[in-house]
1. Under a crude label model (7 Å from the Cα following the beta-carbon direction), how far is K13 from N69 in nanometres?
2. Using P(r) over Cα pairs in 5 Å bins from 0, in percent as the read-out, say which of (i) 2, 12, 21, 20, 17, 12, 8, 5, 2, 0; (ii) 2, 10, 6, 7, 5, 6, 5, 5, 6, 4, 5, 4, 4, 4, 3, 3, 3, 3, 3, 2, 2, 2, 1, 1, 1, 1, 0, 0, 0; (iii) 3, 12, 19, 20, 14, 10, 7, 6, 5, 3, 1, 0, 0 was calculated from these coordinates.
3. Give a residue-ordered list of calculated ³J(HN,Hα) values for the stretch 15-31 (Karplus: 6.51 cos²θ - 1.76 cosθ + 1.60, θ = phi - 60°; whole Hz; x for Gly, Pro).
4. Can you sort E82, E10 from fewest to most other Cβ atoms within 10 Å of each residue's own Cβ?
5. In a Gaussian network model over the chain where Cα atoms closer than 10 Å are linked, find which of S16, S53, S43 has the largest mean-square fluctuation.
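Just so you know, all these numbers are worked out from the coordinates, no wet-lab data involved. In this text, all values refer to a predicted model and were calculated from it rather than measured experimentally. Glycine also receives a Cβ, built like all others from the backbone with ideal geometry; neighbour counts cover every protein chain displayed.
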Amino acid sequence: MNLKEQLKAEAIKLRSQRLDIKKLQQNGKYAGHLQCSQIYLKSNYRHKHIAYSLMRGRTYEQIEPTCRNKPDMDRVKEIINEYSEKDVCASA
């Protein structure tokens, strides 16, 4: 599975998990375990998205023009190294 497909799958998972959290909270139930999981998934998605965009030729300022929290660039570099240039279509 290439990086773009992983990003799409993770985005779908994040959306469905957000709805599950909302339903649990509306019913007065505890959703802490899902919220903790979502924090990890969002961070992972963000770093993969930055890596994917950098591999396509964008600058960090174009990806996140206003951001309070800087990403872990070492983690982004690891993702870039894990996925080769052939997995990314620069013209898309």
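1. My value for the distance between the label points is 1.9 nm.
2. (i)
3. Using θ = phi - 60°, the values come out as 5, 5, 5, 4, 5, 5, 4, 4, 5, 4, 5, 5, 8, x, 9, 7, 10 Hz.
4. On the way: E82 11, E10 16.
The most exposed by this proxy come first: E82, E10.
5. Looking only at S16, S53, S43, the biggest GNM fluctuation is shown by S16.
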